[in-house]
Each structure stands twice: as C-alpha cells, then as structure tokens.
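J.: One structure is given below, represented as structure tokens, and several questions about it will come after.
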Amino acid sequence: MRKSILLIGLFFLFACAEQEARRPIYRSNDKGMGQSIDRNKKINAQQQELFKKTIEKDSTLTYYASPVGYWYAYKNKTQATVKPTRGDMVKFNYTIQTLNGNIIYDEMELGTVDYLVDKEELLPALRYAVKDLSMGDIGVFLMPSYLGYGYQGDGEKIGINQPLKFTIQLTDIKKTSNPKDSK
C-alpha cells in the first residue's frame, strides 16, 4: 500500500512539473531552391538565344530589348505618342504564335480584349506589351515563358516553358480622368 501511495505521489510530482516546449526542427531547403534558380536561369538563357536567332531571321523589323526580358518591334508605328498608363481602359486584338511564326491562337479565337491597365488580372506578357503601344500601333513581342504560360503551358496548344511571339494591335485608349489612378 505504501508503495502504491509513493508511486502516485511521485506521479503527481512529475506530472505537475512545468513542461518545456520543444523547438521546431528547421531544415533549410536551400539545395532545392538553388536547383530551381539554376534551372530557371538556364531556361531563360536558352530562350534569349532563341530570340536572338528569331531576330536575325526577321530583317524587316527592328527589335528593342525591354528591361523585363522580352523583345519588341513595331510592325506599324503611328504618329500617336500617348501610351496607356495605370487605370486607362484599353482595347486590343492579338495573336499568339510560335517563334517560327506558326499561329497557335489567332484574333478570331481570342477576340477583342477590354483591359483596365494594371487593375485587372491579365497574362503578364500582355500587361507589359500593352504599355509599349500607342493607339493604332501594331507591335510584335517575343516573350519568355515566365511572362507567358510558364512551366504549365495552357493545357491545350501551348507547351511547357514555351517562349511565344505575340502580335498586338492597340485599337483604343480611354484615358483616366482621375490623376491618382495613373500613379
């Protein structure tokens, strides 16, 4: 009987002792992240080489490099100088092609796009490209996959990590009357 009381007493003594929380085990995932970064840099370098070859083949247009990593040229440059800014409503038509010029999606499939600049979700390639055009301009854009459909493709016609050629015609710009929106 004394042993059982002693055991119960010891149990309560240790059960009531303050528990110390275990610290979480932290394992760095630097290796996986580093591999992903290296893979993406390699893909981007390969796509930039493809762009250079495409530009060399297309002697009819003068291409310009953008700071974001795409290339663009004007197929038709109007005298208009006003470009869309944040909050402007724009309308445009576009086609998507392979770098070889094979049409993936044409204007009829894609239709006319109404877009509130930088205030609506839109493919990054189109968000950047629209701001390089004035009303009536037709631009040709060589877009790396990270600005297009990326590592997933579109699930139909556009493959994984596929660089694309966009031809975009900006048909209308309605400027914002509120100056706060253009910041």
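J.: If you rank 130, 140 by fewest surrounding Cβ atoms within 10 Å, what's the result? Intermediate results must be reported in sequence, preceding the final value.
T.: Numbers: 130 25, 140 22.
The most exposed by this proxy come first: 140, 130.
J.: For residue 112 and residue 53 in the same chain, what is the full-extension length gain: residue separation times 0.36 nm, less their Cα-Cα distance, in nm?
T.: Numbers: separation 59, 0.36 × 59 = 21.24 nm, distance 3.07 nm.
Fully extending the segment from residue 112 to residue 53 adds 18.2 nm.
J.: What share of Cα pairs, in percent, lie more than 14 angstrom apart in the stretch 58-119?
T.: On the way: 1389 of 1891 pairs.
Tail fraction, whole percent: 73.
J.: Per 10 Å bin from zero, what fraction in whole % of the C-alpha pairs of the stretch 35-183 is there, up to the bin with the longest pair?
T.: The calculated distribution, bin by bin, is 11, 40, 34, 13, 1.
J.: Right, here's the next one. Rounded to the nearest 10 degrees, what's the angle between the helix 30-57 long axis and the longest principal axis of the chain, both from Cα atoms, 0 to 90?
T.: Roughly 10 degrees, rounded to the nearest 10.
J.: Full extension from residue 25 to residue 80: what is 0.36 nm times the residue separation minus their Cα-Cα distance, to one decimal in nm? Could the numbers behind the result be given before it?
T.: Working: separation 55, 0.36 × 55 = 19.80 nm, distance 6.04 nm.
Length gained between residue 25 and residue 80: 13.8 nm.
J.: Counting alpha carbon pairs within less than 8 Å and at least 6 residues apart, what relative contact order, in whole percent, applies to the stretch 68-162? Provide the component values of the computation, followed by the final result.
T.: Numbers: 140 pairs, mean separation 33.9, N = 95.
After rounding, I find 36 percent.
J.: Now for a separate question. Arrange 20, 107 by Cβ neighbour counts within 10 Å, fewest through most, would you? Display every interim value, and only then the final one.
T.: Details: 20 6, 107 16.
Going from least to most buried by this count: 20, 107.
J.: Expressed as an acute angle from 0 to 90° and rounded to the nearest 10, what is the orientation of the C-alpha long axis of helix 2-15 relative to the principal long axis of the chain?
T.: Between helix and principal axis, roughly 30 degrees.
J.: Given a 10 angstrom Cα cut-off, can you work out which residue in 145, 66, 134 is the most mobile in a GNM of the chain?
T.: Sorting by GNM fluctuation, first place goes to 66.
J.: Run through the stretch 114-183 and list the chymotrypsin sites (Phe, Trp or Tyr not before Pro) located in a DSSP loop whose Cβ has at most 15 other Cβ atoms within 10 Å.
T.: Those that pass, being in a loop and sparsely packed, are 151.
J.: Stretched out fully, how many nm does the piece from residue 171 to residue 60 gain, at 0.36 nm a residue minus the Cα gap? Walk me through the numbers before you get to the answer.
T.: Numbers: separation 111, 0.36 × 111 = 39.96 nm, distance 2.30 nm.
37.7 nm is the gain from fully extending residue 171 to residue 60.
J.: Which of 53/91; 31/53; 42/165; 75/165; 57/83; 41/91 have a Cα-Cα distance over 24 Å?
T.: Numbers: 53/91 31 Å; 31/53 33 Å; 42/165 20 Å; 75/165 13 Å; 57/83 29 Å; 41/91 34 Å.
53/91; 31/53; 57/83; 41/91, as the Cα separations exceed 24 Å there.
J.: Separate question: 222 nm [θ] for the chain, helices only, -39500 (n - 2.57) per DSSP H run of 4+, per residue, to 500? Numbers along the way, then the final one.
T.: Values: 4 runs with 53 residues, N = 183.
The per-residue figure over the chain is -9000 deg cm²/dmol.
Quick note: the coordinates plus some simple rules give every number you see, no bench work behind them. The structure presented is a predicted model; accordingly, all values stated were derived computationally and were not measured. Methodologically, a virtual Cβ is constructed for each residue, glycine included, from the backbone with ideal geometry; neighbour enumeration extends over all protein chains shown.
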